[in-house]
Every structure is written in structure tokens, then in C-alpha cells.
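Before any comments, here is the structure.
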Amino acid sequence: MRSSVTGDYALFALTVGAFFALSGAYKMWRGFGTTGWMPVQGKITGNFLFETEEEREDEDQPMRTTWHSFYQPRVMYTYSVRGKEHECGCLQEGLFRLPFKQLAQKRVEDYRVGQQVTVYVSPRNPAHAVLRCGAPIDAYVLLASGIIVLLLGWKFW
């Protein structure tokens, strides 16, 4: 007979696993939605990391808060569709904000200002484009992690 504590942990694992798996699947779906987009030539106009900070309270010390930074790689580029100039900053659909500056920096280092690139443009909205088609590796990792945690929760349920 399983204990109530084991059941609580299993339910928690099932919930977290389902959330991760669904989040990863959604990010993959968004990424795969770009595979049929029209390629056009574009030019890099800037690259940087977009940093956001979030405040978190420490549960053990209620009066103590800490700040955590997250980084999102941003690459600005221009391109032309049917004679109309557009500017966009989406590197790839489904990318996550990253807690590690070095990982985010590596993603923008591939693009230099003035560099000619292939831009993939949405057929529904030419103002929306990406530099990389398909789902990012982050989405696969999140989906796989979620499935593993989900299976562990199921095993101990």
C-alpha cells in the first residue's frame, strides 16, 4: 500500500511533467509552423541580448528577496516583400528566455551587423518573420524532460 506522502509527490510529478511536456509540445508546434514560410534575402541591422529581471521571495526568509536575470537573444533585420520594407527581431519561434547569459550570447554571435541572411517570412503576415525555421532544441529538451517526469510520477502513483 502506498503512503499518502508518496502519492502527493507522485501527483506533483504528474502535474509538473504534464506542464513541461505540454509547454515543449506547444513550442515545437510554434516552431514547426514556420517550416513552410517563404525565404527572402535580408540584412542584419543589430544584435543584442534582451535582459529581464524577476524578483523572487525566499520562502525560508520572508523578508529576503532575490533578483534573477533572464536573457533572450534578439537579432534585428530588414527584408523586403512585394516591394515593401519590413523590420523584425524574431530569431526563431518557440525560443525560451535563458537564465544563462553565455548561452543566449552564443545565439546572437552568429549574426553580424551588415551580414546578408535568409529570412523566412510568414505567408499570412509578411511583417512576421524568423531567421531559423523549425522548432528550437530547447523545445525538444522540455518535452523529453516532461515525459520523463510524467512517467516517474505515473510509476509512483
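The values are calculated or read from the model by the stated rules, or taken from the named source; none is laboratory data. Just so we're clear, the structure is a prediction, and the values are computed from it rather than from any experiment. With ideal geometry, Cβ positions are generated from the backbone for all residues, glycine too; neighbour counts draw on all protein chains shown.
Brief remarks follow.
- Lone qualifier among Arg56, Arg112 - being over 16 Å from Leu142 (Cβ atoms), modelled with pLDDT of 90 or more and not small (Gly, Ala, Ser): Arg112
- Exclusive hit being in contact with a Ser or Thr (Cβ under 8 Å, 6 or more places away or on another chain), in contact (Cβ under 8 Å) with a residue 24 or more places away in the chain, over 24 Å from Thr45 (Cβ atoms) and not aliphatic (A, V, I, L, M), set Gly146, Gly134: Gly146
- All conditions but one from (1) in contact (Cβ under 8 Å) with a residue 24 or more places away in the chain; (2) surrounded by fewer than 16 Cβ atoms within 10 Å (Cβ to Cβ) apply to Thr66; the one that does not is (1).
- Of all residues in the range 1-12 being part of a helix (DSSP H, G or I) and surrounded by fewer than 13 Cβ atoms within 10 Å (Cβ to Cβ), the one that is modelled with the highest pLDDT: Phe12
- Residue check, Leu91 in contact with a helix residue (DSSP H, G or I) (Cβ under 8 Å, 6 or more places away or on another chain), closer than 18 Å to Phe20 by Cα and touching a residue at least 40 places away in the same chain (Cβ under 8 Å): no
- Looking only at residues in the range 21-54 that are over 17 Å from the mean Cα position of the chain (by Cα) and of a type in the set (A, V, I, L, M, F, W, C), the one that is nearest to Gly153 (Cα to Cα) is Trp37.
- Scanning the range 28-46 for residues that are of a type in the set (Gly, Ala, Ser) and either at pLDDT 95 or above or exposed (fewer than 15 other Cβ atoms within 10 Å of the Cβ) (or both) returns Gly36, Gly42, Gly46.
- The single condition among (1) of a type outside the set (Phe, Trp, Tyr); (2) loosely packed, with under 10 Cβ neighbours inside 10 Å; (3) modelled with pLDDT of 90 or more that Thr15 does not satisfy is (2).
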